[in-house]
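Shown below is the structure under consideration.
Values quoted throughout were computed directly from the atomic coordinates according to the rules given, and no laboratory measurement underlies them. Computed from a predicted model, the values in this text were never measured in an experiment. We place every Cβ from the backbone using ideal geometry, glycine too, and count neighbours over all the protein chains shown.
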Amino acid sequence: MSSILGQSEPQVFACPKCGEMINTSMAQCAYCDAPLDPQWATWAANAQATIASAFNHANNIMNVARALIVLFVASFLPFIGFGAGIGFNIIFIAFPILVLIWFPKYHWGLQGIDKNQEDLKQARKRIMKASIIWGVMLLLRLALTVVAILFLS
Ligand SMILES: [Zn+2]
């Protein structure tokens, strides 16, 4: 629950020398004794928090895509079908909004953070896969609509 800018609670980050996770309250690394510049440490901790948050949000986006599949299937079932269909529509519209929030915040808006950092790469890959699921759902939905118009009218 810590904000990205200015906080007093110590935050974790990777030691620039040995890579072990340490925090901003330390004047030197607890593992390799490397001296730590507090300003740099704060920056590194913020970068770490931003990357962790980007990763978590990418996971959430993937979970939303998975929920789309479940709701799509459920929309064909009796009793819960109608509700599942409504849920599908809400999540279907929410998905691109989540993606449109992610990229300015965790890709274009990154300051001084390497975009090719491994967790960020993973996060983007996950969003890409989730977007493919969303696209397939869109095509299925369109195909079903066409079928309904052709055969059920
Ligand atoms: Zn160290």
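Fewest Cβ neighbours within 10 Å first, please rank His57, His107 accordingly.
Working: His57 19, His107 15.
Final ranking by Cβ density, sparse to dense: His107, His57.
Check the straight Cα-Cα distances from Lys17 and name the aspartates and glutamates below 13 Å, setting aside those fewer than 8 residues away within the same chain.
Excluding near neighbours in sequence, the set is Asp33, Asp37.
Follow-up. What is the distance, in nm, between label points placed 7 Å from the Cα along the Cα-to-Cβ direction at Lys125 and at His107?
Modelled inter-label distance: 1.6 nm.
Can you tell me how much longer the chain between Cys32 and Ile97 gets when fully stretched, taken as 0.36 nm per residue apart minus their C-alpha distance, in nm with one decimal? Kindly include the intermediate steps, with their values, before the conclusion.
Numbers: separation 65, 0.36 × 65 = 23.40 nm, distance 4.40 nm.
Roughly 19.0 nm would be gained on extension.
A further question on this structure: Using a basic spin-label model with each label point 7 Å from the Cα along Cα→Cβ, how many nm lie between Asn60 and Glu9?
That separation, rounded to one decimal, is 1.7 nm.
At 7 Å along the Cα-to-beta-carbon direction for both Ala148 and Trp40, put a label point, then send me their distance in nm to one decimal.
6.0 nm
Then there's this: Just to compare against my own numbers: the Cα pair-distance distribution for segment 76-124, 5 Å bins, whole % per bin, please.
5, 17, 17, 14, 11, 9, 9, 8, 6, 3, 0
Counting other beta carbons within 10 Å of each Cβ, put Ser25, Ser153 in order, fewest first. Could the numbers behind the result be given before it?
Values: Ser25 12, Ser153 5.
Exposure proxy ranking, most exposed first: Ser153, Ser25.
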